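Peer 1: Supplied in structure tokens, the structure appears directly below.
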Amino acid sequence: MSTAEVHDDGLGRLGLLASAISGRALRVAPGEPGEPAWTDGRVVFVDADSGPRERVAALAVQASLLAAGSLHADVVRRLQRRPALARRYLGVEGHRALAAIADLLPRSVRSLIDAAVAARADSPAASLAAALSREAIADPPHSFGAIRARPLLAIDRAEGSAATHQPAPREQRGVLAELAEDDDDGTAVDFSSPVGGGGALGRLLGHVLGVVRQLNGGGPPGADAPTHRTRAAPPAGGHPVLSHGMAERVEESAVGVQGTTYPEWDVHQRRYRRDWCTVQEVAPRPAHSAPPLAADRYGLRRALLRLGTGFDRCQRRVQGDDIDIDAVVEARVMAIAGSAPDEAVYVENLRRRRDLAVLLLLDTSGSAAEPGAAGHTVHEQQRAAAAALTVALHELGDRVALYAYHSRGRSAVHVAPVKRFDDDLDALVMRRLHGLVPGAYSRLGAAIRHGAAVLESWGGTSRRLLVVLSDGLAYDHGYELACGAADARRALAEARRRGTGCVCLTIGAGTDADTLRRVFGSAAHAAIPRTEQLRQVIGPLFRSALRSAEVPRRRGGQR
Amino acid sequence: MSGDGVRTARLDGVSAARASRPYYVPIANEERVFKAAFRQGLSVLLKGPTGCGKTRFLEAMAFDLDRALITVACHDDLTTADLVGRFLLRGGDTEWVDGPLTRAVREGAICYLDEVVEARQDTTVVLHPLADHRRQLPIDRLGVTLDAAPGFCLVVSYNPGYQSVLKDLKDSTRQRMVAIEFGFPPAEIEAQIVAHEAGIGHDAAAELVRLGQAIRRLETTGLREVASTRVLIAAGRLVAEGLSPREAARAAVAGPLTDDATVTSGLVEMINAYLADERS
């Protein structure tokens, strides 16, 4: 099945209708001209040249067949390579399926039902029995389309093999359980995010828009990136920097000349490897030029406005919860002295103090160079999102830092500070951002641990948020996908336990939802095809991540 | 400020704004449960999706029980003072002004906190002594503790569909409540409700309900808010004003449910499939 764009010719818009009738995510795509409509269980193919009424009827019949269980593999297997039988079956079962959900169908489709034929069977099996019998069965009308056994069975097999993961219970789990997420098979469902892979919006974007690529199996991620050919190649996008020991750069003191070591979770041995990874901060090489800072290009400001604000007790307000005694005394004195008193004599609790530090962690490993949706590479889309988030958060008065990372083995996890917390947001930041070139691998766990450490040391606020922009492929030398997923998941849980909210964003990459869930665990995560959709997911995501970190933060008594 | 989000409906016969019972069709045993809880002085938690009839239910109950209904729309800046009351300055003197909760406690009214989880947790804690056997409201600023007058009933509502909710409503608050769950009514009853409320024919209402039910089936594929009975009634009212069902549904159903252009166009296709272009 092709997952190509299916909504460019207007047919894609019918996906919602097909989904409503079938009760499952279903898309509509153009079939061959003149060919009867058919479905593979995921997509309904209808003749794009047919009239609107015929299209609706054709997709409604196919969706009804799916809703009524008419295309169950057990039945379809019997129809394989027997087109005449399939037609007879459709002649009965089509009417039965439509009648079974008649209450849900538009009036125009209900008129297709032949009640007498529908009454001949009460189940798909009964329709099949009728089709196998010698009874006379009228040919189904053209709008009923056809049943194609082979694609249906192929999809059924694919879904069967993918359906081995049972979602975890959605109730809140404790800190220990959170840290032990990798004790299960790595399929912990995102319970904190309404828009994560398992969330409603995530599914909507994944299924209805239908533009998320699938991860192609075989070979390590980013294996086609040129930087993988030799480990001796100079690091792309940055060069190792020796610390200049500048006292004013407080954040630099977090990392020594030799880098900082972090533990790594060994999923096979089920223990931490101490001081296993070395993270070095490397200065990013600025591009010669970069597009100017676009103010709120993706409309993120509004979504982020109310996040991470604390209450301020404001005095001398014209309204409020309590009387401001000092202001009242002054007002009385002024009144007695004969001048007009100030009426602002109350104390009001106002939610206006920004109390949020955000560190954005941008994946610049080789796999980000892969082409993504809308003709841009994954890197370009993630870079645009990082820039938009940085600008929006900075303008709102939040403390924001942007770091990029990639790795070449455990001793060379390179993290490039594009903007540190105390850097100004200026053209140089944008040039540094545009100077990043994707390459090498992704030791995600170490990057997350370093990002969280920087955030905790230099964020300086009580609310902290770590945002990982990544395609979710954690892979490095001696750090295969399963290891990487378990380690990244644990690193996120560690950060959350220390009161740092974690958000993971995948933009334009084709990583499938299961893989993302394995890597990001219960962190708030969302996979969106285009940067333009960031606005819709960012508010709920950030809010849910901040909330999930609230409890540990309070319990830990940290600032 | 103290009047923010507060609406009072007098239904006590003295200044009855409503002479007849607000239209409400019972779906299950919710009326019996509510009246039993009321007689026992228990607090009530109404759970259900937005626009399914929680507020209307409560208006009908307040009418049946002959109590005033004081409604507070909760929001995340709602403070304890907004509920309980505050001192204001009048000339050179301070004057205490009751908040809606205090007024309900004194008068023995039904106090309805709509979307209670939107309120901050330190605000909802003030409800605890009121919601359990004590039925008392301590007012720190006055240094008094009020006993709730007979007939006082605390009712809170929330929409469990919102993710934040389950986490935010503290267990200690939840466990002081009797819960009544609401859902959208069955198609036949919903068509009856839409026809009555919008003043349109049963057939036109039934087609709107069919569209609404189809949209609700999309819940599993991602539409976060589904078409509530309220939006169907709104569409029906536009039809009653002479708009075609399609025009009405585009304005009252598709528009409010989403801002996403792709989803909107999908909804418009559904509306075209389910509804007629002209008024029947």
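All of the numbers you see were taken from the coordinates with simple rules; none came from a lab. Since we're looking at a predicted model, the values are computed, not measured. Using ideal geometry, Cβ is built from the backbone for each residue, glycine included, and neighbour counts are taken over all protein chains shown.
Peer 1: Which percent of Cα-Cα pairs in the range A:381-450 sits in each 10 Å bin, short to long?
Peer 2: Histogramming the range A:381-450 at 10 Å steps yields 19, 49, 28, 4 percent.
Peer 1: Right, another one. Take peptides B:204-214, B:34-44, B:143-153 and line them up by average Cβ neighbours within 10 Å, highest first, as a rough protection proxy.
Peer 2: B:204-214, B:34-44, B:143-153
Peer 1: How big is the antiparallel share of DSSP beta bridges in the range A:364-500, given as a percent to the nearest 5? Walk me through the numbers on the way to the answer.
Peer 2: Details: 10 of 11 bridges.
Within the range A:364-500, antiparallel bridges account for around 90 percent of the total.
Peer 1: How many nm separate the modelled label positions at A:Ala125 and A:Ser457, each set 7 Å beyond the Cα in the direction of the Cβ?
Peer 2: About 6.8 nm separates the two model spin labels.
Peer 1: I would also like to ask the following. Within a Cβ distance under 13 Å of A:Val117, other residues only, what is the Lys/Arg minus Asp/Glu net charge?
Peer 2: Combined, the nearby Lys, Arg, Asp and Glu give -2.
Peer 1: Right, something else. Calculate, for B:Gln40 and B:Ala261, the FRET efficiency according to 1/(1 + (r/R0)^6) with r their C-beta to C-beta distance and R0 41 Å; round to the nearest 0.05.
Peer 2: Working: r = 51 Å, r/R0 = 1.26.
Taking R0 as 41 Å, the efficiency between B:Gln40 and B:Ala261 is 0.20.
Peer 1: So, with +1 on the Cβ of K and R and -1 on the Cβ of D and E, and no other charges, what is the size of the charge dipole of the range A:406-559 about its Cα centre, to the nearest 20 debye?
Peer 2: On the way: 25 positive and 14 negative charges, 132 e Å.
The calculated dipole for the range A:406-559 is roughly 640 debye.
Peer 1: Please list, in order along the range A:23-36, the HN-Hα scalar couplings obtained from phi with the Karplus expression 6.51 cos²θ - 1.76 cosθ + 1.60 (θ = phi - 60°), rounded to whole Hz, x for Gly and Pro.
Peer 2: Rounded to whole hertz, the list is x, 8, 5, 9, 10, 10, 9, x, x, 5, x, x, 7, x.
Peer 1: Report the calculated FRET efficiency for B:Val125 and A:Leu350 (r = Cβ-Cβ distance, R0 = 25 Å), to the nearest 0.05.
Peer 2: Calculated value: 0.75.
Peer 1: State, to one decimal in nm, how far the label point of A:Val318 lies from the label point of A:Leu132, with both points 7 Å from Cα in the Cβ direction.
Peer 2: Placing both labels 7 Å beyond Cα along the Cβ direction yields 8.3 nm.
Peer 1: Can you give me the angle between helix B:261-274 and the longest principal axis of chain B, using Cα atoms only, in degrees from 0 to 90, rounded to the nearest 10?
Peer 2: Around 60 degrees separate the two axes.
Peer 1: Considering amide H positions built from the backbone, and no H for Pro or chain starts, which residues 5 or more places from A:Val418, or on another chain, come under 5 Å of its amide H?
Peer 2: Excluding prolines and chain starts, which carry no amide H, the hits are A:Leu402, A:Tyr403, A:Ala404.
Peer 1: Return the FRET efficiency for the residue pair A:Glu54, A:Asp426: r is the Cβ-Cβ distance, R0 is 56 Å, and the value is rounded to the nearest 0.05.
Peer 2: So, using R0 = 56 Å, E works out to roughly 0.40.
Peer 1: What does the net charge come to around A:Gly299 if you take all other residues with beta carbon closer than 12 Å to its beta carbon, with K and R at +1 and D and E at -1?
Peer 2: That sum, taken over residues with Cβ under 12 Å, equals +1.
Peer 1: Would you count, across the range B:6-181, every pair of lysines whose alpha carbons are under 17 angstrom apart, provided the pair is eight or more residues apart or spans two chains?
Peer 2: For the range B:6-181, the number of qualifying lysine pairs is 4.
Peer 1: At 0.36 nm per residue, minus the direct Cα-Cα distance, what do B:Ala179 and B:Trp96 gain on full extension? Give it in nm, one decimal, please.
Peer 2: Extra length from B:Ala179 to B:Trp96 when fully extended: 26.5 nm.
Peer 1: Report the Cα-based extents of the range A:11-160 along its three principal axes, largest first, to the nearest Å.
Peer 2: Per principal axis, max minus min of the Cα coordinates gives 40, 35, 27 Å.
Peer 1: Treating the angle as unsigned and between 0 and 90°, give the value, to the nearest 10°, between the Cα long axis of helix B:30-39 and the longest Cα principal axis of chain B.
Peer 2: Approximately 10 degrees, to the nearest 10.
Peer 1: Compute the length gained on full extension between A:Glu35 and A:Glu330: take 0.36 nm times their separation in residues and subtract their Cα-Cα distance, giving the result in nm to one decimal.
Peer 2: 97.6 nm
Peer 1: Within a Cβ distance under 12 Å of B:Ile233, other residues only, what is the Lys/Arg minus Asp/Glu net charge?
Peer 2: Overall, the nearby charge balance is +1.
Peer 1: Moving on. What Kirkwood hydrodynamic radius do you get for chain B when you take the inverse of the mean 1/r over all pairs of distinct Cα atoms, in Å?
Peer 2: Computed over chain B, the radius equals 20.4 Å.
Peer 1: Next question, about the same structure. To the nearest 10 degrees, how steeply does helix B:202-217 sit against the main Cα axis of chain B, on a 0 to 90 scale?
Peer 2: 80 degrees
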